[in-house]
Structure formats: structure tokens, C-alpha cells
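What follows is a short report on a single structure.
Here, each number is a calculation from the coordinates, and none is a lab measurement. Just so we're clear, the structure is a prediction, and the values are computed from it rather than from any experiment. Note that each Cβ is placed from the backbone with ideal geometry, even for glycine, and that neighbours are counted across all protein chains shown.
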Amino acid sequence: MTELAVLSPATFVDEGVLQASTSKLQTVLAELGKVVLGQEQLCREVLIGLLGGGNVLLEGQPGLGKTLLVRTLADAVEITSSRIQFTPDLMPADITGTTVLMRDDAGRSSLEFRRGPIFANLVLADEINRATPKTQSALLEAMQEHAVTVAGSRHVLAEPFCVIATQNPIETEGTYPLPEAQLDRFLLKAVVGFPTLEVLRSIGVSTTGVSTASAERVMSREELLAMQRLVRQIVVAPHVADVAAHITMATHPEHNMSPERVKKFVRFGASPRAMQALLLAGRANALLAGRAHVGVEDLRAIATPVLRHRMILGFDATLDGVTADSLVADVLATL
Amino acid sequence: MTGSSTVTLSLVRYARRSNRRRAVEAIARALPWIAAGAALVVLALLRGRVAGAVCVGAAATGGVTWLVIHRLRRVWVGPAGIARVLDDHHRTADLLRTAVAIEAKREPSEVEQIVVARAKDFVPKIAEGAIAPLRLRTSPLGVAAMAVTALMWCTSPRQGEAAKPSDALTEKARAKAEEIEKAVDALASDKSMSADVKEQLKKAKDALKRAASAKTGTEALSALSEASRLLDEAAPHIAASRSEELEKLSSEQLADQLASAAKAGDASRVQQLSRELMKRASSAQDGGAALGEMVKQAAAKAGDPWGAAGSGDSASQRLEQLAQAGESMKNGDMDGARSSLSSLSKGAKPGAMDPRAAQLAAARRALSDLRSATRTAMNGSPSPGSTRPMTEQEARDAAAQAARDAASGKSPSGAPKPGSGTGKMAGMGKMPGDGKSPGDGKAPGTGMGQMPGMGQMPGNGSPQPGSGPPQDGGNHLSVLQQGTSDQHGSSGTSGMKGSSPSGAQAPETVMAEEVKTDQPPPATPDGIIRAIREHSSGDHTPTAFQTIRDRYAAVAEATMHRDEIPLTRRDFIQRYFEALRTREEP
């Protein structure tokens, strides 16, 4: 097996490299699965988000393992991680860091920038909807720019950089829902489901014993960067790109190829970022499957997490209990 | 496309296989439509509608072609299309399709090369069953169209049925027509024929050829009638040429030929030569003395030099009679000479006719029979040889038709047409119903009007010697035509043979040598005129005029019943026949 440790941007990608990459990723997934029980799909989507160089929004009830997932992922991959608990009184400086006045032994004063928790490879932004919009904007800038500006100074964040934000769907009081424009910056929105009975039993047994499972480091930071570069090399055939464009267009109610329910319940469809996200996530999904090319089935697999947070539904959808996931299924049915 | 497009080339093979199968399926599906279209085209052609057949064929071809192309457009695949089919079948997540797209690029990247390599590895593993198998199905609508067409085919009449072969000439009749054509052709090839006669014979031959190749009975009968008319027109010219030949003979030749004919017993030849002899003698300055001497010498020369005079054999007796005629002529006794020559013609056995006239007469007789048979076949009326007795109406119709056919051709000049409103028949001396019988005196025989279907009316009066053109057997039309110039209204009879649908004898079937004086003449117009001519030549004694007149009246009545005579003329005709009754009749 080809050693990916020496993988560099100049490394010639061949069948061996591809197979090694796929194998490594499968190993990461396996390690995640050891700790985060019953969330294989969640782990896969988070890994896809990481490989795509994007950010992931997790939505689920408390205690389903969202924080554990991020920590386990950080353990499996040689990357730094941090956790930010968003509260209503959280300030932007609490995220980005601040400049403090320091006095040395000679008594000379200087301003020193103290990095905030955002300066990590993997940032868990817990309950992002609890923070004020001003604080959210500080995080969103970092998500978009991979840099923060503090006191006029720009500080670039280390690569890879990925924000995994969480939202609590239960509590709505005292929360600041992310605006749709900001939601669009998340590559995926993964829904953390409640585990099944068997999984719940396993969780109880494994986590309350003497020894708890932990993930081993199976991938280095450089390898992860190489993976991210490799993901962008995965081949997208013209017909696959056409399908991605078709899916994006079909989310718009004014378009003739959109299904009837989309026309009825969607106010605004997905933006062009959705197509970028589809292709990025599709490439990552293909690499995870060991393929060097994106297939239409890859798009089908990742269309729901990519599009569910990008379609703005109307009030009728809320009244009728129509979810974005069902509308995405309608869109996929038009293929 | 890159230099190595192995995946694409491999998929081309699969694509062709799929396309072949889909093409066969499309054609199988279109077969009922093709069959229905072809059947409609053939049906239109059989009904004689060529334009319709062309339109149907074009529409069917265009429709089937559109159907096939429309279907094939949906299932025709290229490498990319077959790649999709194979990817779906093998669940390869668009591997082949992506590889085809990559091979279309100029410089594939490293990862793209991996894709192509994987596709190449996969191609040999493509299952044979990945291409949809051949499924031959027919179009239900096409089957329904074919069933409708079959129903139309079975129920619609075709052109061939409308024109039954039995309506045109039968094979036998066609062969007969061709035989007559050959005979006429042989006559036309005779160098002694004049150019005019040859032209008419040639036209008659063409008409016979048309009759043989006619598609319908009507066409055949029309062509046969035209051929008959042309032969009738040619006959007198042949007879006339005969008289021209006689005029060219020198006196010595005339005498010699007369002696030869008398020795051979050729009565008709003797008659012809005698006429010429008497004509020359009457116009000779010496009163015929030199001619008489020549005849006498010719008779002596023709006799048996070793036979004793008065030996008694018929040839010698005839030569003695001839010599006697010559002696009489030499002495100026023209009556005696005429009497001797007449008795010579009468007593001698009938000889052969002019061979050309005989051939023509045979052809005309055969043609008449053929026409009768054709008419019978068309009308369904019993032929002369059939056993079913004709009804009264059929007999009248047949008699009228026979009379009309016998008089077909051009009518004499000046003859009134039906309804012409002249109120008078041309050439008639007195009107019927004027209280005088046309038989009180000489009724003009010349310029007698010819009624349609009836020919010329016989005249009534005392027999007159005739000096008309020489007779030739069977030349009924010439009798009609020439009879207008030399008939004197005398009634006469002559024995005739032949047949017509009315049961009367057709004159064209009669040969002069077959005439017998004790036979009743045929009840046809030309038969009547012939009888009159022959009577005027002194050959026959007129008998049974009543029979002739009655039959002729029947023909006229039948013609009137067929509504071909205007109503204003019918009374006229009936009174005419009443006026023809002889004094002995009640």
C-alpha cells in the first residue's frame, strides 16, 4: 500500500494512491464507528464535509453524540479541535480571540493577540443558534474566509479548517436562528437521529463501563489535506454535472422542471452554492466509495443533506407538515 | 478523441449490436403496415387506378418510413447511450459513461486515466445479456390495418373481373381473326391488285389485328365490322379490275380464252368473255364479222383434231356451239350469237371463280361468321348452331340486327337519314299510300334510299336485262353499291346460301357457283338486290318474291320495334310494304 504520509500536491495519483486513500478513509470511518455508535450515516456525512473542505451543520437533540463525534474525529485524524459553546452572552472576541495588553519583565507594555478557540482545525460550535447574530457573524466570517480579523489584523486559520455547528431543534426560546444566507455556507446539514433500541443498549453498555471506546489516530493532517486535494480531482462527467444542475434548478418553484410540490411549498430555491456543494460532496462520496469518478448515484446519496437547509419553505409547508427532505425526494424523482 | 479510445470502440460494437436488434424490431413492428400498404397498391393497380396506386404507395412508404425512423430515434444508441445502458445493468455508477466522456478529451488527467483504465478492465466483463434481447412484436394497429385491407381485397371487384375474357374474343375467335388476317394479307400481296385495293385490304388487315387484340367484346366487334366494311369496299374493285383485264385482251386472245373456257366448261368465264365479245361486236364497224370468224377459228383450234365431228362429248358439243355462235356473229345474226353464247353459259357446268375474288369471298364469309359468333357471345343470344329455340322477340331483334349488320358501312349517297324530315325516300317514284302500287310500273332501282339497318329496298317491276358489272360471288356490298346504278326495279330471286341470326341467308356467304335457281332467295336487302341483278343478267328466274318481301317486312318491323326508326317514319314504312304486295296476294 502506498504510504500517504509522503503524499504531497506533486504526488502522482494512480490506482494505488486512490485505493490507499479510500482505504484510509474507510479506516477513519471505522474508528468513528467504534466510538459513535449507530450514527454511520452521520459520521459519513461529517467526513464528507471535512473532505470537501466545507462546514457541517448538525441538528439533533441533546445527548445524541454530536460533541463526541467531533472529538472522536479529531482523535482519528491528526488535527486540532476546539469546542465553542454558544451562549447568548458570547462575544465575538470569545470566538476569534482578542488582543491583550502584556507587560514584560522590563515593564514594557505591548499588545499581544491571544487566539480564540476558532484557531483549530476542527471547531465544534455548539448550539450556534443561541449566540447573537453578531457573534454568529464572527464565526461565519471564519467559516467563509478561513481567517479572522481582530483589531484590524488578519489572522489566517490553519488548514484544514472545518466548523461543525450544532443546532438544538427543541429549544426555540432565546435563540437566534441562523439566517438563510448564513445557512448556505454550510456544505451539509446532517440530522442526528435518535438511536435505535439496539444501538441505545450498546451505547449504555459501552459508555458506562470501566473502559470506554476511543478512536485511534489513523490519519495525519497532511494526509487529510492530500485527501482534500484528491477529492477535487475526482472526475465529474458532463452528464453528472448536468444532473447536478438539474437538481439545483428543480428546487426553484418558478422553473418548469420543478415538481408540483416544490412549486407549492418552496419560496426560494437553492443557490449556485448548492450545485458546488453537490459536486464537492459527490466527489467526496465517490472517493469514500473507492471510485475515481462521480456517478449520479453519488448525487442522489448526498442531495438531501446538501439541499435540505438551502430551500426556503413557505408557511404552507409548515402548516401541512411538509419537510424539506420530502421536497428533495420529489426533486430526485424527476431525474 | 484520444489516440486510444478502446473503451469507446468496444462500446461501439455493443451499440451496433443493440441498434441491429432494435432495427429488426422496428421493421417487424412495421411489417403489418407494409403488407397493408402493398395490398392497397396492388388492389388499386388491379382496378386500373395507376394514379391512385402511386399515391397510396407513396403515402404508405412515407408513413412506414416515418414510423420506423420515429421508433429508431428513441432506441438508437451510440457509445454514450450504450454505456448508460451497460452502467445501469451492471450498476457501475456511470463508469463506462464517464470513460467515454474522458476519451473524448484531448489530455486526460491522472485520475481520469484511472477511470479509463478501470473501464477498460471492466469491458471484457460486460455480460452478453446486458443488451436488450431481440423481441419481435407486431403493431396491433398495423395488424388491424392489414385485416381491414384484407377485407377490402376480398370484397372489392377488380378490373380483370369487369372485363371478362369471355367479353373479348375467345381464343378460337382470335385464331380465326388471325387466319382471316393472313388471308387478307395474302390478297394484299398480290401484285395484280391495284394500289387502292391494296390500301383497303391493308386497312382491313389492321382492323382484324385490332380485333384479335381487343380487350373487350365491343372493341372486337367494332373492329370486325370495320374489317368487313373494308373488304366489301374492296370487292367491287377486284371485280372491276377483272373487267379491265378483259378489256385489255386482244380479239384473238378473247376468242382463244372463250374457246378454252367453253372447252373447260367454265360457265362464269364463258359468261364474262361472252359479254365482252358481244360488247365489242356491237361496237365493231363490220358488225362483228371478224370477231365471229375469230371465234369460229378459236373453237376449231380448241377442239380435238382427232375427234370426229358430232362425237357427242360435252366439250366438243360446247365447242360446236361456240363455233355456231361465231358463225352467227360472222353472218351478222347477233341475236343468234347471243342465244348460242347464253345457252353455252347455261349449259356448261359451273367453273372456278376468279381466284382473287374467291379468296376475298371466303375471307368475307369467314368474317361474317366470326362477327355473328362474337355478337352472339356478347349478347348471350343463341348462336345459329345452338339448340335453344329463339323467342319471338329475340327472333325479331336478331333479324333486325342481322339486317343492320349486313347493311353496315356507308350508305348510298343521297340516302335519307332517319328523321331527316325529307318526307320522301330518295329515288322513290311514288309515295306509298298514294293509291298506286309501286309495282304498277317500273320503280326506280337507282338511288333507292337506304334505311338504317335495312339496306336497299327491292323494287318491283318487269325484269330487265342487266348489263351491270360482272358478278363475283359473295360480293354483297358491291351488289348494293353497283346495284344503284344498274338496277331497274325488277324483282328477282336468286338462290343464296349463308346464315344470319334471323335464319335468313347472308349473301356474303354465297358463292356464285352455288346458286340454284329453285332455291328461295335470302330475305336480306343485299340478297334481294343480288337476285335482281342476276335476274337481269338472265341467269335466274325470279321466284318467291312474296317470301322475300314478307321476310323483308319482318326485318323492317323488328327494326322499328327497336326504336331506331323515328315514329313519324314508321307509318310510312308500313304502308310501303303494304304497297309491295303482289296482285295475287290477298
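In summary, no helical segment of chain A meets the span-like criteria, namely a full DSSP H run, a Cα extent along the axis of 30 angstrom or more and a mean Kyte-Doolittle hydropathy of at least 0.5. On the principal axes of its alpha-carbon atoms, region A:122-163 has extents of 27, 24, 12 Å, going from largest to smallest. Segment residue B:38..residue B:58, full-extension length gain: 6.1 nm, with 0.36 nm per residue of separation and the alpha-carbon distance subtracted. Computing Rg and the Kirkwood Rh from the Cα coordinates of region A:224-335 gives a ratio, Rg/Rh, of 1.02. Taking each of B:198/B:279; B:191/B:279; B:263/B:296; A:24/B:125 in turn, the alpha-carbon distance tops 22 angstrom for B:198/B:279; B:191/B:279; A:24/B:125. Computed from the alpha carbon atoms alone, the convex hull of chain A holds 173 Å³ per residue. Counting other Cβ atoms within 10 Å as a rough exposure proxy, the listed residues B:33, B:153 run B:153, B:33 from fewest neighbours to most. Please list log₁₀ I(q)/I(0) at q = 0.09, 0.12, 0.19 Å⁻¹ for region B:1-148, using the Debye equation with identical point scatterers on the alpha-carbon positions. Each listed q maps to, in turn, -0.44, -0.63, -1.02. Please find, in a Gaussian network model of chain A (springs between Cα atoms separated by less than 10 Å), the residue of A:217, A:267, A:108 whose mean-square fluctuation is greatest. Residue with maximal mean-square fluctuation among A:217, A:267, A:108: A:108.
Distances between placed amide hydrogens fall under 5 Å for residue A:289 paired with no residue 5 or more residues away or on another chain. Shape annotation for region A:36-205: C-alpha extents along the principal axes are 64, 35, 29 Å, from largest to smallest.
The translational diffusion coefficient of region A:141-194, from Stokes-Einstein at 37 °C and 0.692 mPa s with a Kirkwood hydrodynamic radius over alpha carbon pairs, comes to 242 µm²/s. For region B:249-347, the square roots of the Cα gyration tensor eigenvalues, ordered a ≥ b ≥ c, give a/c of at least 1.5 with a/b greater than b/c, which places it in the prolate category. For residue A:147, the residues whose amide H sits under 5 Å from its own are A:157, ignoring neighbours fewer than 5 places away on the same chain, with H placed 1.01 Å from N. Residue pairs exceeding 19 angstrom between C-alpha atoms, taken from B:182/B:205; B:203/B:248; A:134/A:189; A:189/A:264; B:172/B:209: B:203/B:248; A:134/A:189; A:189/A:264.
The ranking of A:227, A:275, B:329 by Cβ neighbour count inside 10 Å, starting from the fewest, reads A:275, A:227, B:329.
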